[in-house]
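The values are calculated or read from the model by the stated rules, or taken from the named source; none is laboratory data. This one's a predicted model, so the numbers in the text were calculated from it and none came from an experiment. Methodologically, a virtual Cβ is constructed for each residue, glycine included, from the backbone with ideal geometry; neighbour enumeration extends over all protein chains shown. Keep in mind that these areas ignore ligands, DNA and RNA; they rest on the heavy atoms of the full protein, side chains included. Shrake-Rupley method; radii C 1.70, N 1.55, O 1.52, S 1.80 Å.
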Amino acid sequence: MLEKKIGEPCPSCETPLMRRRSTFRSISGDVAYCARCNSAYEIACEAEDRALAAFGPPEWAPV
């Protein structure tokens, strides 16, 4: 599945993608979804976003 960010234009119809709960069995969580053409994409995360999700905000970092 392609990775897209929320708000990016859909590759098919150029409508901005929105966040939606996944209805696929193989994907848990949210997806980037286009309501106009009914297509879904994995949400792309940058390295900073992944680090934040894994360890929390910098002020919570162990010292």
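Observations on the structure shown:
- Members of the range 2-11 that are surrounded by 11 or more Cβ atoms within 10 Å (Cβ to Cβ) and assigned to a loop (DSSP other than H, G, I, E, B): K5, I6, E8, C10, P11
- Subset of the range 20-59 that is at pLDDT below 90 and among the basic types (K, R) - its residue that is least open to solvent (accessible area, probe 1.4 Å): R20
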